[in-house]
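Down below is the structure, laid out as structure tokens.
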Amino acid sequence: MLNTYSPTKVEKKWQKKWQKEGAYTVDLEKATDPFFSMVMFPYPSGDKLHVGHWYNFAPADSYARFMRMQGKQVFTPMGFDAFGLPAENYAIKTGVHPDDSITSNVETMITQLKRIGCMYDWDKMVNTSKSEYYRWTQWLFLQMYKNDLAYKKDANVNWCNSCQTVLANEQAQDGSCERCGTEVIQKPMTQWYWKIKNYAQQLLDGLDDLDWPEKTKLMQRNWIGRSEGVNIKSKIKDFDYEFEVYDSVPQTFKAQTFSVIAPEHPIIPELVKGKKNEKEVLEFIERIKKLKATEKYNFDEHLEGIFTGAYVDDPYGTGDLPLWIASFVVMDYGTGIVHCSAHDERDFAFAKKYDIPLNPVMFPADKKEAEKIKNLEYCYAKDPEGILEQPEEFAGRKWGEVRGDIIDYLQNKMKIGEETVQYRLRDWSISRQRYWGAPIPIVYDPEGKPHPIPEEHLPWELPHDVEFKPTGTAPLAQSKELIKRTEKIFGKGWTPEVDTMDTFVCSSFYQFRYLAEGSTKEFVPKDIEKKWMPVDMYVGGPEHACMHLIYARFVTKALRDFGFIKADEPFKKLVHQGLITNQGAKMSKSKGNVVSPDEFIDQYGSDVFRMYLMFMGPFTAGGDWNDTGIKGVDRFVQRIFSLFETNIAKNGKGKGKSMNTKLDQDSKEVNTKLHATIKKVSEDIPRMQFNTALSALMELLNIVEKQDSLSFEALKTIALLIAPLAPHLAEELWGQLGGEGFIIDQKWPEYDPKQLVTDTVTVVVQINGKVRAEMVVPTEISEEDVLKMAKDHENVQKYLSGKELKKEIYIKSKLVSLVVAG
RNA sequence: GCCGGAGUGGCGGAAUCGGUAGACGCGCACGACUCAAAAUCGUGUUCCCUCGGGAGUGAGAGUUCAAGUCUCUCCUCCGGCACCA
């Protein structure tokens with residue numbers, strides 16, 4: 001009577017052994033063939049690990065295991081992105097201090113993570129909320145400050161008057177407070193920014209060499225939003241204000257008849273001061289600002305403006321341009337002032353609405369249509385075939401061809417503009433008016449001037465004595481300890497910065513801190529950084545494409561420029577796992593559709609569960625959760641186990657590490673399939689195509705199960721092939737075979753291309769594209785012979801008789817295609 | 001609106017270079033074992049059919065000896081950006 005495989009017992013046994021013998025601990029210094037594999041570290045919420053975590057972590061681990069079996073020293077650390085809003089909200093609700101809830105959540109999460117059986121090197125774990133970590137978050141701030149990449153600026157935050165607190169954008173959706181429903185207002189607050197914009201071009205250029213999904217690279221490219229154009233020197237008439245106006249479509253500059261300025265532009269109040277329209281303009285501005293803040297602003301519905309009464313002083317020699325305030329102008333792109341013409345859809349619509357004169361200068365070749373443009377019947381824009389009428393020097397030339405010449409003309413002939421580049425990327429606002437984050441290491445002198453906290457005072461501890469219930473002041477401002485500490489070190493009247501840093505700051509550099517092994521002296525040891533960075537494989541969700549994944553790149557480039565590291569990109573290769581939904585919806589606590597892996601692990605074990613997640617479909621596709629197929633994978637595991645039991649019972653165990661017998665003792669059929677499977681699995685795992693790797697192994701099993709007996713070498717190969725996918729089972733089989741050491745330290749099997757060649761192949765015969773016959777032929781049959789065979793085939797004869805054979809094609813070892821007429 | 005990606009049996013999916021569409025698994029049906037059930041094992045399983053075949057990869061056209069795969073038009077779903085002059 002054969003035993004059945006009992007995963008829970010076996011898996012626990014190996015997890016203990018791995019830990020005890022440090023199977024996954026990496027000597028960072030000694031490693032000679034390093035491979036750095038990371039997953040995006042999780043947020044330690046109070047909920048249990050869910051299916052999504054497993055779907056992300058388990059395949060990433062299988063990939064790492066495969067790399068290890070290629071002989072590399074694979075470093076896969078794990079950590080916790082522990083600062084952030086949920087813990088603070090939980091504290092507001094329950095009074096439990098975030099430090100306590102997070103500490104206990106991390107503990108539970110580690111226990112759960114260990115059940116997956118991943119190769120995590122727990123010695124190098126990081127937790128961003130611990131002072132030994134966030135001292136480096138603060139250190140990073142100081143470096144940014146020192147290198148002039150950090151600055152302060154007023155900006156609006158979402159504010160709830162009833163809760164007396166700042167709200168994150170997600171909490172202020174639809175313009176009302178998530179908690180109490182009160183209308184959210186925009187309150188100006190001074191915020192710290194980091195100059196990511198300085199790195200826009202580098203961040204764009206660096207993408208070319210990254211092995212990242214094209215989609216993600218495209219998203220970053222669009223996010224950075226490089227645009228080329230001209231800055232036109234301009235000034236306001238009878239008013240002391242000079243500025244530049246950005247134009248990326250300068251071909252039709254002669255058509256520009258008015259200018260628009262963003263409602264938020266700081267000069268507006270001065271511009272209308274004492275004028276008779278002052279009140280009207282200020283009211284307009286307030287109304288538009290509010291509108292923009294409280295809803296998803298739709299410019300089609302809110303194309304609004306008001307005349308300032310001022311004029312831009314003849315920028316093109318075509319006359320002064322009336323300056324309007326327009327709802328659609330963006331303040332933080334260009335200079336917040338734009339010249340407008342008849343050749344832009346939105347400008348055209350705006351001018352029509354407010355009866356502003358237009359002067360088209362470009363027309364289609366068709367006379368009738370050109371007449372319509374002259375009569376302003378519709379807007380004619382961006383047509384490469386459009387023919388310019390003005391300026392005279394360009395009359396008759398096509399819009400699509402003059403861009404470069406026009407820029408040259410504006411710059412060198414008229415001398416009113418300069419060629420320039422603009423980016424959409426905005427500087428990174430890193431201030432959060434929140435408690436549970438890394439305190440910004442800044443203090444203010446009695447005059448209110450900011451000073452960086454000297455490095456010797458790091459970590460600048462997050463105070464413990466705060467009230468979580470919102471009271472209108474920032475949580476840190478209420479800490480007596482923090483105020484006392486500040487005065488004690490810096491002197492009377494000095495005050496601390498009370499904002500904390502965006503959690504994306506914490507996660508922008510954790511890859512380096514994994515390599516630092518908790519060092520308090522060095523951010524990261526230089527030789528280790530040089531050896532291990534950039535990260536060879538990074539796995540995580542696509543939702544971070546334009547946040548974490550761009551911030552981490554920026555911080556890496558900045559630290560390189562500061563001289564602390566050598567790498568200029570953090571993540572060489574990136575893969576996004578798909579999203580697992582339940583009943584079509586994203587799993588969330590509020591929807592109550594979160595699937596816990598626990599009951600499945602109890603019943604089937606980690607190996608079955610992780611393989612099922614991989615078998616569901618392509619890793620990058622995700623899908624809707626459904627457990628009906630898990631049985632199939634369980635059967636696979638049980639069948640593998642009994643295959644080994646049966647054969648070992650028949651043939652006995654192997655001895656020691658070298659159980660080498662030749663890999664050709666089995667039947668031709670088994671050998672061919674075995675080598676084909678090695679090939680398939682070896683190709684699929686690096687491509688993260690676990691579903692097809694697994695189905696190849698199932699096909700192999702279907703064949704070897706039918707054999708009377710299998711060679712040791714075949715069994716050994718099968719155990720090795722499943723080791724990345726089912727690590728516990730593979731270790732157990734390795735032990736049963738009599739192998740020494742861990743299977744993960746064995747060499748990955750290689751296939752012999754000669755073994756893949758079979759003596760005969762099946763060739764099909766197509767007549768006019770339809771399959772009419774099948775023939776088994778010797779692999780090396782000549783084209784002549786196979787065509788003759790095909791034509792002689794009884795079934796083919798039926799279709800050929802009495803018809804003219806027009807064409808014969810033979811595709812080696814695949815098919816014969818015959819074309820007949822009549 | 002703009003930019004991406006995807007649509008294949010009852011279900012998850014495979015087909016990597018234009019070459020037998022539906023691998024592998026689930027489910028289902030029948031059979032073996034069993035008093036019986038579960039488990040396990042075996043056989044079958046795209047649809048239609050007059051058993052000769054015919055149709056078939058979101059729809060329609062095109063290129064080709066041959067199209068899930070290439071080209072064009074359209075539909076649906078998913079993701080991203082939303083006033084960037």
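Here, each number is a calculation from the coordinates, and none is a lab measurement. Being a predicted model, the structure only gives us computed values, none of them experimental. Note that we place each Cβ from the backbone using ideal geometry, even for glycine, and neighbour counts take in every protein chain shown.
Using the beta-carbon distance between residue A:492 and residue A:547 and R0 = 30 Å, what value does 1/(1 + (r/R0)^6) give for FRET efficiency, to the nearest 0.05?
0.15
Answer rounded, prolate or oblate for the stretch A:1-74, using the Cα gyration tensor with square roots of eigenvalues a ≥ b ≥ c: rounded when a/c is under 1.5, else prolate when a/b is larger than b/c, else oblate.
oblate
Tell me the volume per residue, in Å³, of the convex hull enclosing the alpha carbons of chain A.
Numbers: hull volume 199.8 nm³, N = 822.
Hull volume normalised by residue count: 243 Å³.
Under a Cβ-Cβ cut-off of 15 Å, what is the net charge of the residues other than residue A:27 that fall near it, where Lys and Arg count +1 and Asp and Glu count -1?
Spelling it out: positives minus negatives among the neighbours equals -3.
Show me, for the stretch A:325-339, the HN-Hα J-couplings you get by feeding each phi into the Karplus relation (A = 6.51, B = -1.76, C = 1.60, θ = phi - 60°), rounded to Hz, glycine and proline as x.
These are the phi-based 3J(HN,Hα) values: 8, 10, 4, 8, 7, 8, 6, 9, 10, x, 10, x, 10, 9, 8 Hz.
How large are Rg and Dmax for the stretch A:409-536 when calculated on the C-alpha trace, in angstrom?
Taking only Cα atoms of the stretch A:409-536, I get Rg and Dmax of 21.2, 67 Å.
Report the far tail of the P(r) of the stretch A:1-153, meaning the percent of Cα-Cα pairs longer than 19 Å.
65
Would you grab the residues whose amide H sits under 5 Å from the one on residue A:241? Only those 5+ places off in sequence or on another chain, please, with H modelled 1.01 Å from N.
Under 5 Å from the amide H of residue A:241: A:236.
Where in the stretch A:725-810 are there GluC sites (Glu not before Pro) that are in a DSSP coil and have at most 15 other Cβ atoms within 10 angstrom of their Cβ?
A:740, A:750, A:780
Would you calculate, for chain A, the mean residue ellipticity at 222 nm contributed by helices, counting each DSSP H stretch of 4 or more residues as -39,500 (n - 2.57) and dividing by all residues, to the nearest 500?
Dividing the helical sum by the residues of chain A leaves -11000 deg cm²/dmol.
With unit charges on the beta carbon (Lys/Arg positive, Asp/Glu negative), name the residue among A:92, A:563, A:327 whose Cα is farthest towards the positive pole of the charge dipole of chain A.
A:92
Share of antiparallel DSSP beta bridges in chain A, in percent to the nearest 5?
For chain A, the DSSP antiparallel bridge percentage is about 75.
With a ≥ b ≥ c taken as the square roots of the eigenvalues of the C-alpha gyration tensor of the stretch A:74-166, please select rounded if a/c is under 1.5 and otherwise prolate if a/b is larger than b/c or oblate if it is not?
oblate
If contacts are Cα pairs under 8 angstrom and at least 6 residues apart, what is the relative contact order of chain A in percent?
15
Which cross-chain or sequence-distant (5 or more) residues have an amide H under 5 Å from the amide H of residue A:565, H modelled 1.01 Å from N in plane?
A:560
Would you mind calculating the gained length between residue A:635 and residue A:803 on full extension (0.36 nm times residue separation, minus the Cα-Cα distance), in nm to one decimal?
Values: separation 168, 0.36 × 168 = 60.48 nm, distance 5.36 nm.
My answer for the length gained is 55.1 nm.
Of the listed peptides A:37-44, A:194-201, what is their order by residue-averaged count of other C-beta atoms within 10 Å, with the highest listed first? Could the numbers behind the result be given before it?
On the way: A:37-44: 22.5, A:194-201: 19.9.
Final packing ranking: A:37-44, A:194-201.
Between rounded, prolate and oblate, where does the stretch A:134-273 land on the alpha carbon gyration tensor, with a ≥ b ≥ c its root eigenvalues, rounded for a/c under 1.5, else prolate if a/b exceeds b/c? Could the numbers behind the result be given before it?
Working: a/c = 1.65, a/b = 1.11, b/c = 1.49.
Oblate, because a/c is 1.5 or more while a/b does not exceed b/c.
May I ask you to derive the relative contact order of the stretch A:300-382, considering only C-alpha pairs under 8 Å and at least 6 residues apart, and to give it as an integer percent?
RCO, the stretch A:300-382: 21 percent.
Sort out for me the Cα centre separation of the stretch A:1-61 from the stretch A:222-295, rounded to whole Å.
57
Sorted by average packing, counted as other Cβ atoms within 10 angstrom per residue and highest first, what order do A:327-333, A:498-504 take? Each step should come with its number before you reach the end.
Details: A:327-333: 16.6, A:498-504: 23.0.
So the order, starting with the most tightly packed, is A:498-504, A:327-333.
How far apart, in nanometres, would the label points at residue A:108 and residue A:21 be if each is projected 7 angstrom from Cα along the Cα-to-Cβ direction?
About 3.4 nm separates the two model spin labels.
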